[in-house]
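Chemist: Below are the structure tokens for one structure; questions will follow.
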Amino acid sequence: MPWMRPVVGVTSQPKQAISASGNLDSHVIGHTYTDSVLRAGGLPVILPPIPNDDISALVDHLDGVVFTGGGDMEPRRYGEEPHREIRMTNSDRDEFELALVHEAKRRRLPVLAICRGLQVVNVAFGGTLIQDIPSAIGSTDHGVHGDAAYEAHQSITIAANSLIAKATGATELMVNSLHHQAVKDLAPGFHEVAWARDGVIEGIQHEDDEWPLLAVQWHPEFLGDNGDEASHRLFEAFVDSIRFAQPATN
């Protein structure tokens, strides 16, 4: 029996969309995420926030999850008061994604966490965040906008034995950065495995080798849309981890 495409949940962002009735509060995600999942062999399904009691039933129908980028997490989630630069928080999204990543960890479900997604993973298991990189460490290397999002502009180093290095086939990469927050205190049970030149953490993984987690601070979905092979390999490694986790009958 041929291997069937795995169903990959892709978390959504709260945004207003133009509708016949005017601006409508919506759950959306950029096509670059779903295109990347499709290109790698998965079937993307967009996930809006749902009640925590229903998450287990949802995950019964998923083979993997992509935690996407977007607005900041509420600092109260990691025990801090908000910095003046905090922006675009959404309590419902935080609540859903924090619970979803716990369920994914419990089941050792393959996860690809991107930008905010990496931060969600870290906070979910007890880590904290730098709330604003420029004011905290003085670096302005991590924020680009518009068409620049599709171009690599920042050099990072990746630990040679890490899942990210194995996925991309590289220990040095040029990547894109679209974030003003990053890991501050790493959650227990995790290792930092990629770094920017200014020391900002660009990748983490869990010490549990049986949990296929790829967590990166940059945006491979944008780079991949511009033909970047390392970004394609990252999504392919994520989908391959689903293949290896599924029963042989699939």
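The values are calculated or read from the model by the stated rules, or taken from the named source; none is laboratory data. Treat the numbers as computed from the prediction; the structure is a model and nothing was measured. Counting neighbours? That spans all protein chains shown, and the Cβs are built from the backbone with ideal geometry, glycine included.
Chemist: Go over the candidates Ser135, Ser177 one by one and state the one that is crowded, with 24+ Cβ neighbours inside 10 Å and touching an Asp or Glu at 6+ places or on another chain (Cβ under 7 Å).
Modeler: Selected residue: Ser177, the only one of Ser135, Ser177 that is crowded, with 24+ Cβ neighbours inside 10 Å and touching an Asp or Glu at 6+ places or on another chain (Cβ under 7 Å).
Chemist: Return the residues of the stretch 7-54 that are under 18 Å from Glu103 (Cβ atoms) and either modelled with pLDDT under 95 or buried (at least 19 other Cβ atoms within 10 Å of the Cβ) (or both); say none if nothing qualifies.
Modeler: Matches in the stretch 7-54: Val8, Gly9, Val10, Thr11, Ser12, Leu47, Pro49.
Chemist: Same structure again: Can you name the number of the only condition in (1) of a type in the set (A, V, I, L, M, F, W, C); (2) in a helix (DSSP H, G or I); (3) under 16 Å from the mean Cα position of the chain (by Cα) that Phe244 fails?
Modeler: (3)
Chemist: Looking only at the stretch 103-123, count how many residues are more than 18 Å from Ala245 (Cα to Cα) and part of a helix (DSSP H, G or I).
Modeler: 8
Chemist: Which of the residues that make up the stretch 190-226 are among the β-branched types (Val, Ile, Thr) and either in contact (Cβ under 8 Å) with a residue 60 or more places away in the chain or surrounded by fewer than 16 Cβ atoms within 10 Å (Cβ to Cβ) (or both)? Working first, answer last.
Modeler: The initial filter retains those residues of the stretch 190-226 that are among the β-branched types (Val, Ile, Thr), namely 193, 200-201, 204, 216.
Answer for the stretch 190-226, where residues must be among the β-branched types (Val, Ile, Thr) and either in contact (Cβ under 8 Å) with a residue 60 or more places away in the chain or surrounded by fewer than 16 Cβ atoms within 10 Å (Cβ to Cβ) (or both): Val200, Ile204, Val216.
Chemist: With the requirement that a residue be out of contact with any strand residue (DSSP E or B) (no Cβ under 9 Å at 6 or more places or on another chain), farther than 22 Å from Thr11 by Cα and either modelled with pLDDT of 95 or more or surrounded by 21 or more Cβ atoms within 10 Å (Cβ to Cβ) (or both), what does the stretch 229-244 give you?
Modeler: Across the stretch 229-244, the qualifying residue is only Glu229.
Chemist: Restricting attention to the stretch 1-33, which residues are in contact with a helix residue (DSSP H, G or I) (Cβ under 9 Å, 6 or more places away or on another chain) and within 17 Å of Cys115 (Cα to Cα)?
Modeler: Gly9, Val10, Thr11, Ser12, Gln13, Pro14, Gly30, His31, Thr32, Tyr33
Chemist: While we're looking at this one, here's another question. Those residues that are in contact with a Pro (Cβ under 8 Å, 6 or more places away or on another chain) and of a type in the set (Val, Ile, Thr), I need them from the stretch 197-250; list them, please.
Modeler: Correct list: Val239, Ile242.
Chemist: Give the number of residues within the stretch 84-102 that are assigned to a loop (DSSP other than H, G, I, E, B) and in contact with a strand residue (DSSP E or B) (Cβ under 9 Å, 6 or more places away or on another chain).
Modeler: Final tally of qualifying residues: 2.
Chemist: Further, regarding this structure: Out of curiosity, is Arg77 modelled with pLDDT of 95 or more, in contact with an Asp or Glu (Cβ under 7 Å, 6 or more places away or on another chain) and not in a loop (DSSP other than H, G, I, E, B)?
Modeler: Yes, satisfied.
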